[in-house]
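The values are calculated or read from the model by the stated rules, or taken from the named source; none is laboratory data. Values in this document were obtained by computation on a predicted structure and should not be read as measured data. When we count neighbours, we look across all protein chains shown, and the Cβ atoms used for this are built from the backbone with ideal geometry, even at glycine.
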Amino acid sequence: MNLLDFDLDALTAWCETLGEKRFRAVQLFRWIHQKGARDFDQMSDLAKSLRAKLQGVAEIRPLPIASEQASADGTIKWLFDVGAGNAVEAVFIPEDDRGTLCISSQAGCAVGCRFCSTGHQGFSRNLTTGEILAQLWQAEHHLRQRLSVPAGERVITNVVMMGMGEPLQNYAALVPALKVMLDDHGYGLSRRRVTVSTSGVVPMIERLKADVPVALAVSLHAPDDALRDQLVPLNRKYPLRELFEACASYLEAAPRDFITFEYCMLDGVNDSPEQARQLIALVQGKAGAPRVPCKLNLIPFNPFPASGLHRSPRERVLAFAQVLQDAGIVTTIRKTRGDDIAAACGQLAGEVQDRTRAAERLTRPEVKVVRVHPAGPSAA
């Protein structure tokens with residue numbers, strides 16, 4: 001039994017099957033997540049009888065590290081082997097006031113966004129709770145040793161579920177992992193410092209609100225359904241009106257009073273001043289969808305050959321941001337990190353044994369992106 005698969009309640013229930021009380025589960029949970037122990041013999045305050053039981057029936061199972069790369073800006077990317085020819089990536093981003101870990105939730109992704117390298121790799125399978133948490137467990141305790149961090153101090157202060165995969169399409173494994181991240185006996189992270197990013201799985205946004213409402217980021221990338229249908233295929237199932245209704249409802253329980261909308265800037269596709277004005281109308285509730293208090297995060301596109309897309313020039317990104325800011329919308333331009341090791345947003349690809357024929361689907365001739373030019377729209 002891999003004990004990384006359990007949140008505290010599940011670990012308590014499992015320990016009860018061994019004849020142990022809850023306080024023993026709490027001790028065990030702390031040893032695993034707060035101290036990074038893997039050897040049961042290290043867990044000195046556990047009864048010897050319990051340690052003996054654990055030796056025969058349980059383990060703390062790390063993920064094999066296929067590679068580790070360090071960027072010139074201090075970003076670190078790990079490639080974790082999850083078996084059967086699949087590997088996923090996690091990225092640590094150090095900053096002056098925080099340390100952020102970007103975690104994967106699936107081997108590949110079935111959503112198939114046009115601008116995302118992971119989507120072009122296709123989809124193999126969901127990760128287990130233990131595989132999701134192993135990325136945090138290994139990164140936190142490896143970095144503590146590497147950086148000689150004093151006992152009791154944390155290296156990773158923020159977690160973003162923005163790695164490979166659509167987290168809300170792996171909901172059953174995601175929720176226990178989030179609970180461990182938030183648990184004071186685990187990693188003790190604030191709900192404000194744990195972010196789930198989604199392309200818009202509306203029913204699961206509603207469930208997340210009820211089960212474990214952490215910070216929410218939504219991959220928006222277009223100001224209208226016609227364009228978003230092409231860039232984010234999930235929009236055909238859950239169009240913008242439904243998505244914004246779910247976001248407005250989510251704010252009733254969210255730890256922040258706004259939703260973060262991610263907007264990847266694509267040259268000639270979604271970056272015109274007119275599209276900025278359409279985006280303003282959308283988030284302000286003037287385009288048929290509810291108003292959603294938000295922060296807009298403009299992301300420079302990280303090109304890869306299969307996408308057929310290009311990064312918006314910086315001056316166009318700045319002009320787009322200025323239109324939004326002039327309308328009173330909090331707008332940031334994401335600083336690219338780790339792009340020299342392919343660790344920036346949209347670049348995580350890992351290794352995926354695709355079961356979805358993604359390469360074929362994403363190059364079908366009928367899948368077209370509407371590009372906006374000064375002379376008017378045309379299909380490309």
List pairs: first in the range 1-20 and part of a strand (DSSP E or B), second among the hydrophobic types (A, V, I, L, M, F, W, C), Cβ under 9 Å, 6+ apart or cross-chain? N2/A58; N2/I60; N2/A134
Take P203 and decide whether it is within 23 Å of S124 (Cα to Cα) and surrounded by 18 or more Cβ atoms within 10 Å (Cβ to Cβ). no
What is the one condition in (1) free of Cβ contacts under 8 Å to residues at least 12 places away in the same chain; (2) buried (at least 17 other Cβ atoms within 10 Å of the Cβ); (3) not hydroxyl-bearing (S, T, Y) that R236 does not satisfy? (2)
Considering only residues of the range 1-28 that are within 24 Å of the chain's Cα centre (by Cα) and buried (at least 20 other Cβ atoms within 10 Å of the Cβ), which is nearest to G56 (Cα to Cα)? L3
Could you grab me the full set of residues in the range 35-79 that are hydrophobic (A, V, I, L, M, F, W, C), closer than 18 Å to E16 by Cβ and surrounded by fewer than 16 Cβ atoms within 10 Å (Cβ to Cβ)? A47, A52, V57
Quick one: what pairs do we get from the range 75-104, first residue assigned by TED's automatic domain parsing to the domain that holds Y187, second surrounded by fewer than 21 Cβ atoms within 10 Å (Cβ to Cβ) and acidic (D, E), C-beta under 6 Å, 6+ apart or different chains? W78/E68; A87/D81; A87/E351
Mind listing just one residue for me: the one in the range 142-171 that is without any contact (Cβ under 8 Å) to a residue 24 or more places away in the chain and outside any loop (DSSP other than H, G, I, E, B) and, of those, surrounded by the most Cβ atoms within 10 Å (Cβ to Cβ)? H142
Suppose we keep only residues that are assigned to a loop (DSSP other than H, G, I, E, B) and either over 14 Å from the mean Cα position of the chain (by Cα) or outside the structural domain of W78 (by TED's automatic domain parsing) (or both) within the range 112-133. Which one would you say is surrounded by the fewest Cβ atoms within 10 Å (Cβ to Cβ)? T128
Going through A248, A289 one at a time, which residue ends up being crowded, with 19+ Cβ neighbours inside 10 Å, over 15 Å from L324 (Cα atoms) and modelled with pLDDT of 95 or more? A289
Could we say that W31 is among the hydrophobic types (A, V, I, L, M, F, W, C), over 26 Å from A151 (Cα atoms), at pLDDT 95 or above and not in a loop (DSSP other than H, G, I, E, B) here? no
Here is a list: V180, V175. Which entry is surrounded by fewer than 21 Cβ atoms within 10 Å (Cβ to Cβ), of a type outside the set (D, E, K, R), in contact (Cβ under 8 Å) with a residue 24 or more places away in the chain and assigned to a helix (DSSP H, G or I)? V175
Do the conditions hold for R38, that is, is it in contact with a His (Cβ under 8 Å, 6 or more places away or on another chain), of a type in the set (K, R) and modelled with pLDDT of 95 or more? no
Give me the pairs, please: first residue somewhere in the range 301-320 and of a type in the set (S, T, N, Q), second residue anywhere and in a helix (DSSP H, G or I), beta-carbon distance under 8 Å, and either six or more positions apart or on two chains. N302/S117; N302/D339; S307/S117; S307/H120; S312/F320
Looking only at the range 288-300, decide whether some residue is in a strand (DSSP E or B) and over 23 Å from L216 (Cβ atoms). no
Could you tell me whether any residue of the range 81-100 is under 24 Å from E153 (Cβ atoms) and part of a helix (DSSP H, G or I)? no
Applying the selection to the range 56-82, what residues are closer than 16 Å to N2 by Cβ and at pLDDT below 95? G56
What about D45, is it of a type in the set (D, E, K, R) and in a strand (DSSP E or B)? no
Within the range 301-337, the residues that are outside any loop (DSSP other than H, G, I, E, B), among the basic types (K, R) and either surrounded by 16 or more Cβ atoms within 10 Å (Cβ to Cβ) or out of contact with any strand residue (DSSP E or B) (no Cβ under 9 Å at 6 or more places or on another chain) (or both) are R311, R316
